[in-house]
1. Starting from the Cα of ASP258, step 7 Å along the direction of its Cβ; do the same at SER193; then give the gap between the two resulting points in nm.
2. For the stretch 321-410, which GluC sites (Glu not before Pro) are in a loop by DSSP, counting at most 15 other Cβ atoms within 10 Å?
3. Given points 7 Å out from each Cα along the Cα-Cβ axis, report the ARG31 to LEU117 separation in nanometres with one decimal.
4. Which net charge results when you count Lys and Arg as +1 and Asp and Glu as -1 among the other residues whose beta-carbon is under 13 Å from that of SER347?
5. With a 1.4 Å probe and all protein chains left in place, how much of the accessible area of the stretch 134-292 comes from carbon and sulfur atoms, in whole percent?
6. Counting other Cβ atoms within 10 Å, which trypsin sites (Lys or Arg not before Pro) in the stretch 333-382 have at most 15 and lie in a DSSP loop?
7. Once you keep just the Cα pairs under 8 angstrom separated by 6 or more residues, what percentage relative contact order results for the stretch 149-270?
8. Which order do peptides 110-122, 142-154 fall in by mean Cβ count within 10 Å, highest first?
Amino acid sequence: MPNTAFPGESPRESTDGAAPPSPGELTDQQRAAIAELFGSIDSVLQELGELFLEGGHELAMVGGPVRDALLGRRVHDFDLTTDAVPQTILSLVESWADAVWTVGIDFGTVGLRKGGLQLEITTYRSESYQPKSRKPEVHYGTSLHDDLLRRDFTVNAMAVRLPEREFVDPFGGLADLKAGRLRTPGKPEDSFSDDPLRIMRAVRFAAQLGLSLAPEVREAASGMADRLAIVSAERVRDELTKLMLSDAPRTGVELMVDLGLAVHVLPEIPRMQLEIDEHHRHKDVYDHSLTVLDQAIELERKRGFEPDLVLRLAALLHDIGKPKTRAFESGGRVTFHHHEVVGASMSKSRLSALRFPKDVVAAVGKLVALHLRFHGYGKGEWTDSAVRRYARDAGDQLQRLHILTRADCTTRNRRKATALARAYDDIEHRIERLAEEEELDKVRPDLDGNEIQQVLDIKPGPMVGKAWRYLLELRLENGPMGKEAAAEQLRAWAERHLEETGGSPGSEGEAAE
């Protein structure tokens, strides 16, 4: 088996008789990265490796942690693989580990904690999907080489044997990392057939790691895109989430569209390609949306935010309602009236189908619905009441709305872009000022439900809700009024309301009971 040994170690001979690809050579920096990876967890891995060795079994760190260490990326997860079956893994680690869990044992994985470090150990295995199956068939193996062969890409098919710390690279993953290339250990058609989700992973790794798909990988991914239909929505969602939270999600989205994957994941995205945006005639809506995504990420970073899934999804989806609302008017003008309303509904429907959490669906839908609201601001002629309503309608999405609205300016006209930026600076400053004065995030009527009942001498019922909404409108229009002024306004409103309805406060409340 080809490999690149660490200093002072001898490479193992190939046992399968196959002519291996030329292994890459570890640079001094990569040797140092591997040493650093093991340095912080040296005693735990050494003990664990010796434990398996004494039990007559192999153990190796594999996949992501090895790849990320070689790339100089921070390692978060520690994945190991072994020839021991799950029950044997349990028997070896139960008395040694601080804690053990078996949530993934049906798929050959045992989790454990030792000295504050969390590890997952998985039996050598292979997975495959039947043509119409949504669940993989799992088979245990006995060879590290074969386990690495079944992995998705060569850059994830590298390992370090324990306890001897021998670097194993049977399929040229190190060379592919150096070349910035994404290949599969075997034929890509076989790999994607075994698990179609790997097609999405290819796109995600391109965005996450800056790798280019090898020609044969691109061809297989495009030709087998329809196989994604058998993968559960939850697994697709998880890959899409990782893609959107990567450093360059635009790269992944463009690949999804180019390879025909988006049709099966986010079909609304490729449909935007031919739709001309009336505000940005030099760009179609698809390109505009990707630019908004890029700009939202840039603003996200400038404001010190962590990668934000809700914001990034909203930036990508904010104009998906345009194809359905496109209309041609005289003079060649194209309009998309109410596309924000249609788009909000479409985004919620799509994200729900992908099984995103309800709070994510609701937040993205709200941002899409509100993304045009600022464009009525003009030159700052909004009253304080309008600013209060803007902030209140955005609610807990206000900071995201600030970023999305700013990112939505993609005009090449510098004067226009500067004017829009200044206008939004103004509205943010006004919101901040009002927030300091009035606690905008806690805007409520000056009287609560119990106080409304006392003032009007009514019982719980529809009248209380109507009165509460009336007082809220007054609060948004005038700012804080104080309880006495609010009570006076409430009594006057109740008299007008009762004149119009011909009833009495008490009778409406009693009827509601």
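1. If labels sit at ASP258 and SER193, their model points lie 2.7 nm apart.
2. Working: sites: GLU329, GLU340, GLU381; in loops: GLU329, GLU381.
Listed in order of number, the matching sites are GLU329, GLU381.
3. Distance between the two pseudo-spin positions: 2.2 nm.
4. Charge balance near SER347 sits at +3.
5. Here carbon and sulfur together make up 48 percent of the probe-accessible area.
6. Here the trypsin sites (Lys or Arg not before Pro) that fit, given the DSSP loop and packing criteria, are ARG333, ARG355, LYS379.
7. 23 percent
8. Sorting 110-122, 142-154 by mean packing, highest first, produces 142-154, 110-122.
The values are calculated or read from the model by the stated rules, or taken from the named source; none is laboratory data. Small disclaimer: the values here were computed from a predicted structure and weren't measured. Because the Cβ atoms are built from the backbone with ideal geometry, glycine has one as well, and the counts that use them run over all protein chains shown. To get the accessible areas, we keep the full protein, side chains included, count just its heavy atoms, and leave off ligands, DNA and RNA. Shrake-Rupley method; radii C 1.70, N 1.55, O 1.52, S 1.80 Å.
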